[in-house]
Structures are given as structure tokens and as C-alpha cells.
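Input: a single structure, listed below in C-alpha cells.
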Amino acid sequence: MNVETKVQQYREVRKKVWFEATRTATSSLQEHQDNQAIFREFVTGLCNRCQLSEHGGTDEIAAIKLWHKMWTVIRYAGIRSNIATNEILTIEDIFDNYKEFTSTDWDIEKHGSQLILGGSKVHQLASRSGIFEGRKPIANWSKNKRTVGLARDLSRFMRHKANTTPVIEFLTGGGDVDDVWNVLEHLQKINYKQRITALHLMMDLGFQVVKPDIVLSRLFFELGWTKDAIPLLPGNISIDDLSGKGLHGNKFHYTNSKMYRPVIELARQIVKHINPQELKEDIGWVTSNPIREFDFFMVKYGQEPEPSRGIVRKLYGEMASGCFIRINSPLNTPKACR
């Protein structure tokens, strides 16, 4: 497997996002520069925050910082990024206090997606009244119940842990932070049952992983990277198989570990071979967090526009020929059409 070729393909994706996704056909030079400034500021700030060194604290301040990432990644699961961002902005002053959820006002009993019984603040969330008047919380009871449960578990952990124990051990179980698969297994045990959400949390905390969601998984597939990482995939596998809609049903769904683990390991290899100086020469800047930067650029290539992040143009699938992507490579090979 030629990792260096993939590094060059990533560099092309990165340049396209920076130079093309930050402008529309009618953007003025000033608007383009403004969007680039918004994008760079956000990416730089994000990559600075997504460092494990930021989460070595042992006190309440460290718990609050960790909790913010714990609950916000749950809100992003399964919906568009901009919808989750807008929801978070309206509720974070309430949700940022994990001790808030220890009250019986937050008791939740549900059946499937339906709320059966709930405390007073649960009903306020459902009706957007009381403390949620004028706010836009989403009444997803699976997400809300998981959030409440994690908040209560974190509160219990903080009460009983030794003063010298880092708060991050609530998520790692005290294991080696470099053993990302062991950390993922522990997260499953504490109610991050959705593995992609757990990996999102790990990525945002600074673990050396990407979030292999459907967007990133499709990009890897279209670039031919998935078949390189998993050479025994059947010859008739298609991009539809990633979402369970192809010939193979759910056998090769992107949430299956046999699919996402090789994707993550390949991303880690690519990042190890990246030369930061070359990335800086490509667009004029680079961050100090290559794996988080890699994930963000790749995903922003494939996602819908998000003007609050400086992304105003969708590059995914926009080629006039109908092809998904044509990335320059030594072979100059166009990738599959959809």
C-alpha cells in the first residue's frame, strides 16, 4: 500500500477545501478572504483544544471541561453538524453543569424513542418551557437519557476518586491513553454504546483517532483507500454497502469494526507520513494537531456548507460530469461516479 500517494491526495483535498470550499461562484475577493479567516481561526482553535494535554487535571474545573465534550458529541450524533451546533448554543449554559442532572427533575423513562415518564425539567425540555423557554433543545430521548446517565456517573466518580486521580480516567478506566482500542472498549462499558460517537469523543479529546462517520467512510471508499486498507473486500462491494443499501446488506456497514478499524489505522499511517512544512507551503498555514486537522479537512470536503465555519460551497459530488471527486495523483486516475 502506497501511503505517500495517499498523503499527496490528502494535500489536494486540503487545498481544495481552503481555496474552493470557502468561496461561491459569486463571492467577492473580500468575502472569500473573510471566509478563509473564519475557517482558519476555527480549525486552529479546534486543533489547539483537541489535545490530551488539556485534560490532565484532577479538579472540578477539569471535570467541567471534560463534561462539555462528553455531552456535546452526543448532540452531534446522527444529525447535520450545523443543526447540532445551533442546538448546543441555546442549551450549553444548562447542560454544561453535569451536577444539574443528578436531580430527580431529570429522571427519564422511555420506550424506544418515546418518553414514558420524566421529571419536571424533562417535561420543560419536551415543551420548550420553563428553563428551556426560547431555547431549541431536541427531544431525542435516547440522547437525553444517555446524557443524564453519564452526568450521574461522572458525579459519582468525582465524589469517590482520589484527589490525585486525573478526571480523564473516568473515560479511560485508568488504562494507557495510547491504547486507543482499549479506551474505546471502556467507553462502550460506560454507555457510549454508539462506537462512532465514542470515537468522536476520543478524537475531540486528542486521542490519535479520526471519527469514521459516513462522510469520511465514503471519502475513503471513493478514493480507493478502503480497498487498500481492507484488501479482502469483495470485488462487487459498492459505496451503498457502507450504509447497508448495497448487495451485501449490513455486512460491510461503516459502523462495523472490521470496516472502521482499518480506516482509522490507515488515517494514522497517513498522518505519520505527513510533512507539516509541506502542508504549510500548500495553503500558508498548518496546525500542531495533524490527525484532528486531517479529519476536519476531509470531512469538510464531503459535508454540506457551514457558513459559520467559513465553508460556503459543497465540493462533494459537484463536478459537472457527475463524478464524486477527481484528485490529482501520480496516476491521475478519476475516481468513481455516483
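The slack in the chain from E133 to V3, taken as 0.36 nm per residue of separation less the alpha-carbon distance, amounts to 41.6 nm. The simple Förster model, with R0 at 41 Å and r as the Cβ-Cβ distance, assigns R313 and I230 a FRET efficiency of 0.85.
Can you give the helix-only mean residue ellipticity at 222 nm for the chain, where every DSSP H stretch with n ≥ 4 adds -39500 (n - 2.57) and the sum goes over all residues, rounded to the nearest 500 deg cm²/dmol?
-16000 deg cm²/dmol
The dipole here belongs to the chain: it is taken about the Cα centre, uses +1 on the Cβ of Lys and Arg and -1 on the Cβ of Asp and Glu, and is about 740 debye.
Summarising the amide proton neighbourhood of G246: residues at separation of 5 or more, or on other chains, whose placed amide H is nearer than 5 Å comprise D241. Taking the three principal axes of the alpha carbon atoms in region 145-196, the coordinate ranges are 29, 29, 11 Å, sorted in descending order.
Under a 5 Å amide H cut-off, with hydrogens placed 1.01 Å from N, I311 pairs with E306 among residues at least 5 apart or on other chains.
For the chain, find the longest principal axis of its Cα atoms and tell me its angle to the long axis of helix 29-49, 0 to 90°, nearest 10. Tilt relative to the chain: about 50 degrees.
Over the C-alpha atoms of region 53-205, the Rg to Rh ratio, Rh being the Kirkwood estimate, stands at 0.96.
Across region 1-112, counting alpha-carbon atoms alone, Rg and Dmax equal 19.6, 56 Å.
In order along region 179-194, the Karplus-derived 3J(HN,Hα) couplings, from 6.51 cos²θ - 1.76 cosθ + 1.60 at θ = phi - 60°, round to 8, 5, 6, 5, 4, 4, 4, 5, 4, 4, 6, 9, 5, 8, 5, 6 Hz, and Gly and Pro are given as x. Put simply, the C-alpha atoms of the chain give a gyration tensor, and the ellipsoid matching it has half-axes of 35, 23, 22 Å, longest first.
Using a Förster distance of 41 angstrom, determine the FRET efficiency expected from the C-beta separation of A37 and E109, and round it to 0.05. Efficiency, rounded to the nearest 0.05: 0.30. Remark: the K193-N48 segment gains 49.5 nm on full extension, using 0.36 nm per residue and subtracting the alpha carbon distance. Where in region 245-287 does the amide nitrogen come within less than 14 Å of the point 7 Å from the Cα of S142, taken along Cα to Cβ? Those under the cut-off are 255.
Calculated FRET efficiency, S257 to S27, Cβ-Cβ distance, R0 = 41 Å: about 0.45 to the nearest 0.05.
In the structure shown, the pairs K211/K314; K110/K245; K65/K189; K143/K251; K193/K227 are assessed against 24 Å; a Cα-Cα span above that value is assigned to K110/K245; K143/K251; K193/K227. Taking a virtual spin label 7 Å from the Cα of E265 along the C-beta vector, which residues in region 220-251 bring their backbone nitrogen under 19 Å of it? Backbone N within reach: 220-221, 224-234.
All of the numbers you see were taken from the coordinates with simple rules; none came from a lab. In this text, all values refer to a predicted model and were calculated from it rather than measured experimentally. For neighbour counting, all protein chains shown are included, and Cβ atoms are generated from backbone atoms with ideal geometry for every residue, glycine included.
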